[in-house]
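A.B. asks: Here's a structure for you.
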Amino acid sequence: MRYADGPATSSETHVDATPATVWTLVADIGTPARFSPELQRVEWLDGADAAVPGALFAGHNKNPDIGEWTTTSRIVEVAEERVLAWDVVDPDGRFGAPAPAATAEPLCHWRFELSAADGGTLLRHSVRVGPAPSGLSSYIAQAPEKEGEIIAGRLAALRGGIEATLAGIKELAEAR
């Protein structure tokens, strides 16, 4: 497994609620922070207040092994009741203002996909790391012979967050 190849992980769950109900939770960028063990809070940037293509938001993260950091993300795809996707484009504000161009390579790409299924919604959540260098890249640079192991460990942690987020969304949506 190599960082340059864009390694990814995902998970999915069936939610006993309509895509419209699930969408209200997915389209709220604050929802993942309610359940993720790493993402602590989010905030819209530059006057944005909704998930529309080009909107920027900050993600404040904390991990016992990595520490604390803030990222800037850009909404890159919105298809109501079907897809919400964003790219992490700026770790720790290193690019400063203004935010990186929309064409900048992402550090990672996050995605929710919804589809009607079995009287409810199939909800899939995924992440692909790279291709731009990230904090993960610095760990790999320190031990290039362990690149696969480092990536596998990080993907496992990210998948744990994905599964916690899916479980939380499922619980909220089914309670409505």
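The values are calculated or read from the model by the stated rules, or taken from the named source; none is laboratory data. All values reported here derive from a predicted model rather than from experimental measurement. A quick note on method: Cβ atoms are made from the backbone with ideal geometry, for glycine too, and the neighbour counts reach across all protein chains shown.
A.B. asks: Is it true that some residue in the stretch 41-57 is within 18 Å of VAL88 (Cβ to Cβ) and in contact (Cβ under 8 Å) with a residue 60 or more places away in the chain?
C.D. replies: No, there is no match, as no residue in the stretch 41-57 is within 18 Å of VAL88 (Cβ to Cβ) and in contact (Cβ under 8 Å) with a residue 60 or more places away in the chain.
Each row is one residue, and each column tells you yes or no for (1) within 30 Å of ASP16 (Cα to Cα); (2) under 19 Å from the mean Cα position of the chain (by Cα).
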| residue | (1), (2) |
| --- | --- |
| SER137 | no, yes |
| GLN142 | no, no |
| GLU145 | no, no |
| GLU149 | no, no |
| ALA152 | no, yes |
| GLY161 | yes, yes |
| GLU174 | yes, no |
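A.B. asks: Mind checking whether some residue in the stretch 51-73 is in a loop (DSSP other than H, G, I, E, B), among the β-branched types (Val, Ile, Thr) and surrounded by 14 or more Cβ atoms within 10 Å (Cβ to Cβ)?
C.D. replies: Scanning the stretch 51-73 turns up at least one residue that is in a loop (DSSP other than H, G, I, E, B), among the β-branched types (Val, Ile, Thr) and surrounded by 14 or more Cβ atoms within 10 Å (Cβ to Cβ).
A.B. asks: Report, by residue number, each residue of the stretch 127-156 that is of a type outside the set (S, T, N, Q) and loosely packed, with under 15 Cβ neighbours inside 10 Å.
C.D. replies: Scanning the stretch 127-156 gives PRO133, ALA141, ALA143, PRO144, GLU145, LYS146, GLY148, GLU149, ALA152, GLY153, ALA156.
A.B. asks: Find all pairs meeting these conditions: Cβ atoms under 8 angstrom apart; at least six residues apart or on different chains; first residue within the stretch 120-148 and without any contact (Cβ under 8 Å) to a residue 24 or more places away in the chain; second residue not basic (Lys, Arg).
C.D. replies: Listed by first residue and then by second, the contacts come to TYR139/ILE150; ALA143/ILE150; LYS146/ILE140.
A.B. asks: Sticking with this one: Only one of GLU171, GLU113 is modelled with pLDDT of 95 or more and assigned to a strand (DSSP E or B). Can you tell me which?
C.D. replies: Step by step, each of GLU171, GLU113 is checked, and only GLU113 is modelled with pLDDT of 95 or more and assigned to a strand (DSSP E or B).
A.B. asks: While we're on this one: Taking GLY161 as the residue in question, decide whether it is loosely packed, with under 14 Cβ neighbours inside 10 Å and at pLDDT 95 or above.
C.D. replies: Considered against the rule, which asks whether it is loosely packed, with under 14 Cβ neighbours inside 10 Å and at pLDDT 95 or above, GLY161 comes out as no.
A.B. asks: Please verify whether the stretch 14-26 includes one or more residues that are outside any helix (DSSP H, G or I), crowded, with 18+ Cβ neighbours inside 10 Å and under 14 Å from the mean Cα position of the chain (by Cα).
C.D. replies: no
A.B. asks: In the stretch 30-50, which residues are assigned to a loop (DSSP other than H, G, I, E, B) and in contact with a Lys or Arg (Cβ under 8 Å, 6 or more places away or on another chain)?
C.D. replies: Listed by number, the residues that qualify are GLY30, GLU38.
A.B. asks: Here is a follow-up. May I ask you to list the residues in the stretch 149-176 that are free of Cβ contacts under 8 Å to residues at least 60 places away in the same chain and of a type in the set (Val, Ile, Thr)?
C.D. replies: Selection gives ILE150 alone.
A.B. asks: Picking from GLU43, GLU12, GLU38, which residue would you name as being in contact with a helix residue (DSSP H, G or I) (Cβ under 6 Å, 6 or more places away or on another chain) and acidic (Asp, Glu)?
C.D. replies: Criteria check complete, one pass: GLU38.
A.B. asks: I'd like to know if the stretch 135-155 contains one or more residues that are in a helix (DSSP H, G or I) and aromatic (Phe, Trp, Tyr).
C.D. replies: yes
A.B. asks: Assess whether ILE151 counts as being farther than 24 Å from ILE75 by Cβ, in contact with a helix residue (DSSP H, G or I) (Cβ under 8 Å, 6 or more places away or on another chain) and β-branched (Val, Ile, Thr).
C.D. replies: yes
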